[in-house]
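Report on the structure given below.
Laboratory data are not the source of any read-out in this text; all were calculated from the coordinates shown. Please read all numbers here as calculations on a predicted model, not as lab measurements. Neighbour counts run over all protein chains shown; Cβ positions are idealised from the backbone, glycine included.
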Amino acid sequence: MKRLLIVAAFVLAALVVLSCDSTPPPPATETVAPDGNAGATGDRAPAGPATPQTESGGGYAYRPQLAYLDADGTAWLVDADGTGRVKLIEKCTGIGSTKRRDVLNGGLVWSPDGGRIACWRDDGSVLAASARGDERAMPFQPGECAAAPRWAARGDLIACEVKGYVSVRGSDGRERVAVKNNLFDEWSWSPAGDALIVAVPPPANHLAWSVVDLGGRVVADIEDAYASSAARFRWDRDGTRIAYPGAAGITVIDVQTGQRQVFQPPARSGLDLRGGAQADWVLGDSTLFVHNYSGAVAIDLGSGAPRALPRTTYGIARLAPDGVRVALAIPVDQDVPIRQHLAIADLQAGTVTPVAGSVFPVEGMGLAAEFVFSGDSSRVCWTPRPGNVPTVQCTVRAGTAEPVSVPVQVEPDVLGRGDPGVLWRAFSPDLGKIAYGTPGLESPAAPQRLRIAKPDGTVVADLGPMLGTLTYSWRPDGVYRPAERN
């Protein structure tokens, strides 16, 4: 049971706000660590942090790379075609038992800028390395890290839950600050990596939170939020304001001045905040996109004017990384909403465009659809049918649906809820490649071969046996921000 909770904690860990650094690294060199815990070598050096680059035509370019653990527990970084292999870290055990060969999760955690990676090991220790493979350290010793570590935005700091505290350290292991946290693994970084949101003792019958800077000073207290997770608080891009749902409405607090503003969704939006909601900063942080199971609305923070969006099926909506487009599940038949289709709303233009060929049935209390956007927000994939072997479809640029033929990885039902689904982190952030294990999840103890394929099923790389079932992780692209968009 303890192992399952650890796995669940890792899966729930949010890693997130991404920064940009396109400076290419020096060539990788052959090195050997004295303690044997980590080593690095390189056939050739990968690119620097995989941040977006602007092409001459104004387009978006991204080079997907994959980190994975081989059967011996060595972490490698490869290009999406399997070339350019660079050794990152040795002796990664993953989260599970290498002796029993039932490793479920590799514990590979990227820094948001894609410059560093951490290996959270089964003994509660953490190894860290640069994506170039030329620097390594152990910031957390065995038994210290009780949940998956999380990097600050620039990858200069790493933090972990240590005996009721969040310990913030440099990659060299030197502690910078320890912040008390009263709810296990419920804390998050600010976008700039200069503050944390942590849980504090409740003042009444609900949870309270504090914003603490890296000097240990409490810069804001939040006692009126409808939020059961630190990841539900949304920072603006400057890291100066936080938006969250509460009893009074959607509150925006300035952490520098303490000033608070409260915005109410219009009655016609149908948005009921009593069960909480998600509020995202969009359109240059001038607008809040608020949604939950009951509806969705965009609120202009200058005028307070709301713009209600079409009623979604069970509130299934996903904001694109560009903060402009939204994927919505819309009922096909308003009177009897047993079918739904994908529509793309443009918050700036105020338009809603259905996606041709995307009709799918409502199943499992409406949770049949789950959307994920590409890093440049041009494409979206979704699951039109739940089940142990769900199907997946994606849009093409023309706005029509296309099938995904590759056998996508299914996330194991580690909590016994009977609801496994598509593992979206198997898709590269540009949705151009899919990593998956074969022969599949039916025999976790059997060696899994890791492959990379195009969405049409064409295998572009066979990387050989990997340590366990889900022991791989795509390098962030500098735009896609999962923790802000889930």
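Counted by neighbouring Cβ atoms within 10 Å, the residues Ser374, Ser130, Ser303 run from fewest to most as Ser303, Ser130, Ser374.
Arranged from fewest to most other beta-carbon atoms within 10 Å of their beta carbon, Asp430, Asp477, Asp272 become Asp272, Asp430, Asp477. Exposure proxy ranking for Cys119, Cys381, based on other Cβ atoms within 10 angstrom of each Cβ and starting from the fewest, stands as Cys381, Cys119. In this model, which of Lys91/Lys454; Lys87/Lys454; Lys91/Lys180 are farther than 28 Å apart at the alpha-carbon? Lys91/Lys454; Lys91/Lys180, as the Cα separations exceed 28 Å there.
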